[in-house]
1. Quickly run through region A:249-268 and pick out the residues that are modelled with pLDDT of 75 or more, open to solvent by 50 Å² or more (accessible area, probe 1.4 Å) and not basic (K, R).
2. How many of the residues making up region A:529-587 are among the acidic types (D, E), open to solvent by 10 Å² or more (accessible area, probe 1.4 Å) and under 23 Å from A:P495 (Cα atoms)?
3. For region A:538-585, what are the residues that are of a type in the set (A, V, I, L, M), touching a strand residue (DSSP E or B) at 6+ places or on another chain (Cβ under 8 Å) and in a helix (DSSP H, G or I)?
4. Within region B:18-46, take every residue that is within 23 Å of A:P434 (Cβ to Cβ) and of a type in the set (D, E, K, R) and give me the one that is nearest to the other protein chains (Cβ to nearest Cβ).
5. Scan region A:407-450 for residues that are facing chain B (nearest Cβ under 8 Å) and in contact with a Lys or Arg (Cβ under 8 Å, 6 or more places away or on another chain) and jot them down.
6. Determine which member of the set B:F69, B:F43 is of a type in the set (F, W, Y) and more than 18 Å from B:K112 (Cβ to Cβ).
7. With the checklist (1) away from chain A (no Cβ under 14 Å); (2) farther than 28 Å from A:M489 by Cα; (3) not aromatic (F, W, Y) in hand, flag the one item B:V116 doesn't pass.
Amino acid sequence: MQSALEQNSLPKMVTPASTTVWSRIKRGWAWLTEAPATITDDEERYRYRLLAGVMISTIGVAIVIILMALSRNIRYITNTDMLGVMIGVLIAIGMFVVLRRTHRINIVAVGSILLALVVTAIPPYMPDSRNTGIYFTLLPVIFTGMFFRPRHLLIWIVALPIFLYGIPPVFAVFGITAHNAETRAAVEVIIAIMLVMLVFVNEVQGLARARNQRLIQANDALRLSEASLEQRVINRTKEVEVAHRFSEKLYRISAAMNRTTTAMDIIKAISDEIESHAFSTSLILLEPAVTGQVQMGRIAAASTPSGVMAFDVVLPLGNVPQSNQEMLVIPDMRLGQDPVLRAFYEQMGIMAVAVASIFVEERVIGILSYTATTAYDFSEEDLNILRVSTQVAGAAIERQWRYAEQVQIAAQMRAVDAMKSQFLASMSHELRTPLNAILNFTEFVALGMMGEVNDRQRDALGKATESGRHLLSLINDVLDITKIESGMMQLFVEPNIDLYTELDAAKVAGLTLKHNKPIAYIEDIEDIDPNLPNIVGDKRRIRQVLLNLVSNAVKFTDAGTITMSVKQRGDEILFAVSDTGPGIAKEDQAQIFEPFVQTEQGIQHAGGTGLGLPISTRLVEAHGGRLWLESIVGEGSTFYFTLPIRSETLVQQISA
Amino acid sequence: MTDYTQCFLYVEDDALSREILQIIMINAMGVHHLHVLEDSQDFMQKIVALPQKPDVILLDINVMPIDGFTMLQQIRADARYADTVVIALTASVMNEEVARLRKGGFNGAIAKPVNVMSFPSLIDRVLLSETVWHVV
């Protein structure tokens, strides 16, 4: 990990400290000439640098000249010239010091010009001068001129003639004349060239300045447009904020209305979002029958804490807005157009009003209004809130109505269900109780508990008992199918049902039913898994299904074999009850699963309601399994059904 | 016919049902001590007033003025009858009712109509402390 990181990271770039002579010189030069941080203007910094640079180079050149003169290598430098050079060096050093100390570029520039002029103009009058100092001392002038401002140039223009032409007559008074006319002429020529150069330089500078000025202007314009852009952004942001705030208000209003159930709450939701305290919000719900004029006051509520107020006044409905887009806004009631409306509001002391109608199914069911006791100019935003609020209120009220309807319908349905359930329970009880007596007393007699019974009587009593039992099973079936059809079948789910117990019960019932029929009853050892797991389900209902299938098989098979097989197949148990009966024709196969339908054979064999299979099918399905049939006419039928071993749906229903 | 020495109490407001059970238990089974209550008025006082403490109480569920569930609660609330076997005897064997019976704390339930052929063996099983749910 560590090494991977190191490999990935770039080698550190190390710049060795520059140690070459040249870089040292550059750093030293920069240290000497760099403008102080207090000068921020780029142009001024440039001037400072130039001025300082000129001073330094002047000093440097002068020192070289002085050293050369001292070494007598340059024979033509006279003592006077030497003096000029030295004066020039002192001036340059002085100027440099002043520049470094005061940072006053202009003064240093002008000072250096003037002093250079002095040094230039005087030597021709000095004895023994070859004017070498002049050439030297001109250098700073030439360069300083480059950063002249126009007014410096003016000084130069005024001062130059004075020096050139003023000094000779003054010197002449003292009897001194230029001893070297050629030098003077040369100086004059050089000075003239300088003038041209200066003008040129000044123009160049002017050009640069003009360009700079334009740049500054452009920059200012840019800054201005940036500012205006910023202003526009600010404005737009403000608009967006207003819109956002508005939609937030509406959101809060509609959210509040979704929760609310009363007119008072609706009012409160709206008033909470209105910032003005100059007016109040009220909601008036109209009587359902809206014709021309309506009584208002079925429910009327005001936003005041006093709550719901009942009005016994007539609202002139003709003036109420008749569409979602319209609003009635009267900022000053005295200017109201409609005298009826005016009278209506004035009697309540209302001087300004904004009204929007609430629609449910395109019918005006009420109004939402702002009312103020003084003339008031409702803001655009407040009116928008009013307009949209009516729509939200309409939806909220409609939803409340629908909800109330639903609640009522649901209550009715529940009442009907409860009645049905109660009826079924009573039926079950009321039908069984007398049957209980019939069956028992018949049996008491048949068993001889009530005295001697002869064979004919016993036979008759046996038939009565049998019919009674049949009637009991019919009642059970009818009750079951009714419960299933009305969705009231509930399983009594238990977690651990031992299937062997239920299979035994079914087998016993089958044997009882078979009477004297020559049927071999086979519990297929091969096919009954000896390791069936316990399953989750309703024991009683599972037994009912098994009994139904076994008794059907016994009932429809006159001779032959009935086989029962059960095996585990994945996460379910597969049951199969086969017989060697007459079989069921393809066209009848669907029918036998329909309640109250019996095939011709079914009717022939009688002794059933035709409800057994439909009931069994639903019971199996309620367990999450399915029941189906395979049959060949003349060979027999096999009824299959599956039950999940552990249905999650049933696990959640475990009752005990 | 076995002789039953245990004391039985049967609460049933339907005269025919009472008669049937009496015939089955006394005539067919040979029960010696069977007390019958025709309604559930002052139920507990009547139990206490019995000459013998009942071993098995058979309760009809739809009895006036207090139903089988309430009677069971009253029995269970009395420490003296904490170990008394209480069996529901009812014709209301809709699923929801069976579920109620099981949750209610009965020791078992037998569906009406009772049958002279099967009832004695059910009682025998009850007396062997088996929980009997004969509600099919």
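The values are calculated or read from the model by the stated rules, or taken from the named source; none is laboratory data. These figures come from a predicted structure and were not determined experimentally. Cβ placement follows ideal geometry from the backbone for every residue including glycine, while neighbour counts extend to all protein chains displayed. Accessible surface areas use protein heavy atoms only, side chains included; no ligands, DNA or RNA. Shrake-Rupley method; radii C 1.70, N 1.55, O 1.52, S 1.80 Å.
1. Once the filter is applied, which keeps residues that are modelled with pLDDT of 75 or more, open to solvent by 50 Å² or more (accessible area, probe 1.4 Å) and not basic (K, R), region A:249-268 yields only A:Y251.
2. Looking only at region A:529-587, we keep the residues that are among the acidic types (D, E), and these are A:529, A:538, A:558, A:571-572, A:579, A:587.
Okay, now just the ones that are also open to solvent by 10 Å² or more (accessible area, probe 1.4 Å), so A:529, A:558, A:571-572, A:579, A:587.
From the residues that got through so far, the ones that are under 23 Å from A:P495 (Cα atoms) too are A:529, A:571-572.
Of the residues in that region, 3 qualify.
3. Listed by number, the residues that qualify are A:I542, A:V545, A:L546, A:L549, A:V550, A:A553, A:V554.
4. Of everything passing the filter in region B:18-46, B:E19 is nearest to the other protein chains (Cβ to nearest Cβ).
5. Once the filter is applied, which keeps residues that are facing chain B (nearest Cβ under 8 Å) and in contact with a Lys or Arg (Cβ under 8 Å, 6 or more places away or on another chain), region A:407-450 yields A:L424, A:R432, A:T433, A:N436, A:L439.
6. Values: B:F69 fails: more than 18 Å from B:K112 (Cβ to Cβ).
So the residue among B:F69, B:F43 that is of a type in the set (F, W, Y) and more than 18 Å from B:K112 (Cβ to Cβ) is B:F43.
7. If we test B:V116 against (1) away from chain A (no Cβ under 14 Å); (2) farther than 28 Å from A:M489 by Cα; (3) not aromatic (F, W, Y), just (1) comes out false.
Quick grid of which residues meet (1) at pLDDT 85 or above; (2) open to solvent by 70 Å² or more (accessible area, probe 1.4 Å); (3) charged (D, E, K, R):
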position: A:T442; (1), (2), (3): yes, no, no
position: A:R458; (1), (2), (3): yes, yes, yes
position: A:L461; (1), (2), (3): yes, no, no
position: A:A464; (1), (2), (3): yes, no, no
position: A:H470; (1), (2), (3): no, no, no
position: A:I484; (1), (2), (3): no, no, no
position: A:G487; (1), (2), (3): no, no, no
position: A:L491; (1), (2), (3): no, no, no
